[in-house]
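Here is the structure we will look at.
Please treat every number below as a calculation from the coordinates, not as lab data. Treat the numbers as computed from the prediction; the structure is a model and nothing was measured. A quick note on method: Cβ atoms are made from the backbone with ideal geometry, for glycine too, and the neighbour counts reach across all protein chains shown.
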Amino acid sequence: MHHILHADFDAFYASVEQLDNPDLRGKPVVVGGSPDQRGVVASASYESRRFGIRSAMPMRTAFQRCPKAVRLPPRFDRYHQVSRQVMAMFHEITPLVEPLSLDEAFLDVTDAITPEMPPEEIAAALRRRVKVELGLTISVGVATSKSVAKIASDMDKPDGLTVVVPGSERDFLAPLDAIKLWGIGPKTAARLAADGVHTIGELASQPDEWLAKKLGRRGPYVRRLALGQDESPVVVEREAKSVSAETTLARDTADAEVLFELVDRLSQRVSRRLVIGGLRGRTVKAKLRLSDFTTFSRQRTLREPDSSPDAIAGSARAMLEREMSEGRRFRLIGVSVSGFESSDSEPLQPRLAGFE
Ligand code: TTP
Ligand code: MG
């Protein structure tokens, strides 16, 4: 049996802003783009959530719900720095850390357990340490699997600790909304609800044929998750030689604005992973595929190893720009960074959140 922690910062970006500026504490803070530029809410402090403000909501809507909300633009470098600090704390507990994003990770603490330090004590000590040393709160779920731990960490947010005792997984999950289960999005949840299936317990007790009809081939897997059976291991990624992200466009395009925006998004994704891995790279590569499927790449060397989205995007944009010409339409864009020098100042091992 494994013992897994899922740890997740509460209102991450917004909490970091409140930490750095005490005037903002206790106030409805939102981090995200300007409402004039059709910005969206990236993170909403719990004070602002009382007004119905949520992540991914248009900033305009957020201000309609709470006109006195304080909006701040994101400071990614600062969030990355905090992320590195918390990931380093996780690594002091176990090398088996699987980051999911800047602010959350799974920890397999099975081998860290002692009679004095059962999993729930490890979790409690970690929460205390993060509070004292970083001045921020994390919510933690403790369970025997990743999927249950993740659901548990969300149960008592903010500043919560939820322990699912081994053997009680099924009972813990049964009354919860089906949408909480991995792989059940809003659309699937609506399809299930149409048949009167609202909770994970109701889902788990449906016959095979019904599951197959509603979920297709995922049916058996979803049933196991609904019963609290999940053997998926905490995966520590190999050291990578490069970090990349790429996207095929929904429609081939020559529109510079669309292409540049995509490059920016890909660069941010690459940057996030580099930072989680404590890596900086010297080489930026752009992979380009044209509408006739011709595929080629261009690369540039940065003056200094870097992991910032601006440096990566600046270089990738320049390479793309040189390749744009009248009538040349692109169907795929990729951005990657290699030539790593791991940032020595950081105690974190170079590990990556994932590859594409
Ligand atoms: P989350 O952990 O989903 O959100 P959160 O930490 O702000 O709030 P919660 O207490 O519910 O965990 O995401 C972590 C950070 O990722 C969040 O602070 C900002 C960023 N983010 C976005 O930029 N856009 C989004 O749509 C979401 C969901 C998160
Ligand atoms: Mg969070």
Report task. Only helical DSSP H runs with n ≥ 4 go in: add -39500 (n - 2.57) per run for the chain, normalise by residue count and round the 222 nm mean residue ellipticity to 500 deg cm²/dmol. Result -> -10500 deg cm²/dmol
Query raised in the report: What pairs from Lys180/Lys213; Lys68/Lys180; Lys146/Lys187 go past 25 Å between their alpha carbons?
Result: Lys68/Lys180
**Report entry** Length gained when the stretch Thr110-Asp77 is fully extended (0.36 nm per residue, less Cα-Cα span)
**Finding:** 8.6 nm
Report summary line: Farthest towards the positive end of the dipole of the chain, among Val86, Ala194, Tyr13 and with Cβ unit charges of +1 on Lys and Arg and -1 on Asp and Glu, lies the Cα of Ala194
Query - C-alpha center-to-center spacing [the stretch 114-189, the stretch 37-102] in angstrom - result: 19 Å
Report task. Taking the Cβ of each residue in Phe293, Phe51 as the centre, tally the other Cβ atoms inside 10 Å and list the residues starting with the fewest. Result -> Phe293, Phe51
Requested in this report: Using per-residue counts of other Cβ atoms within 10 Å, averaged over each peptide, order 2-11, 65-74, 131-140 from highest down.
Outcome: 2-11, 131-140, 65-74
Query raised in the report: Over the chain, what is the percentage of antiparallel beta bridges among all DSSP beta bridges, to the nearest 5?
Result: 90 percent
Query - Segments 24-35, 117-128 sorted - mean Cβ within 10 Å per residue, highest first - result: 24-35, 117-128
Query raised in the report: For the chain, what is the convex hull volume of its Cα atoms per residue in Å³?
Result: 166 Å³
Query raised in the report: Taking the Cα centre of the stretch 9-121 as the origin and placing charges on Cβ (Lys, Arg +1; Asp, Glu -1), which of Gly32, Val97, Met117 is farthest toward the positive end of the dipole?
Result: Gly32
Query raised in the report: Most exposed first by the Cβ proxy, i.e. fewest other Cβ within 10 Å, how do Ser271, Ser338 rank?
Result: Ser338, Ser271
Report summary line: If every Lys and Arg gets +1 and every Asp and Glu gets -1 at its Cβ, then about the Cα centre the stretch 71-137 yields a dipole, in debye to the nearest 20, of 560 debye
Requested in this report: Two decimals is fine: what is log10 I(q)/I(0) at q = 0.21, 0.27 Å⁻¹ for the stretch 13-75, from a Debye sum with one equal scatterer on every Cα and no solvent?
Outcome: -0.68, -1.12
Query raised in the report: If you build the Cα gyration tensor of the stretch 170-226 and take the root of 5 times each eigenvalue, what three semi-axes come out, in whole angstrom, biggest first?
Result: 15, 13, 10
Report task. For Ser297 and Asp177, calculate 0.36 nm times their separation in residues minus their Cα-Cα distance, and state this gained length in nm to one decimal. Result -> 38.6 nm
Query raised in the report: For the stretch 242-342, rounded, prolate or oblate, judged on the Cα gyration tensor with a ≥ b ≥ c (square roots of eigenvalues), a/c < 1.5 rounded, else prolate if a/b > b/c?
Result: prolate
**Report entry** Extreme residue, positive dipole direction of the stretch 242-342, given options Ser271, Leu302, Gly281 (C-beta unit charges)
**Finding:** Gly281
Query raised in the report: Which of Glu47, Glu92, Glu326 comes first, and how do the rest follow, when ranked by fewest Cβ neighbours within 10 Å?
Result: Glu326, Glu92, Glu47
Query raised in the report: In debye, nearest 20: dipole of the chain around its Cα centre with unit charges on the Cβ of K, R (+) and D, E (-)?
Result: 1180 debye
Query raised in the report: Given N residues in the stretch 200-264, what is Rg(Cα) / (2.2 N^0.38 Å)?
Result: 1.88
Query raised in the report: Applying 1/(1 + (r/R0)^6) with R0 = 41 Å to the Cβ-Cβ distance of Arg224 and Val132, what FRET efficiency is obtained, to the nearest 0.05?
Result: 0.60
Requested in this report: Please state the charge dipole magnitude for the stretch 242-342, taken about the Cα centre, from unit charges on C-beta atoms (+1 on K and R, -1 on D and E), reported in debye and rounded to the nearest 20.
Outcome: 300 debye
**Report entry** Cβ-derived FRET efficiency at R0 22 Å, Met155 paired with Glu209, nearest 0.05
**Finding:** 0.10
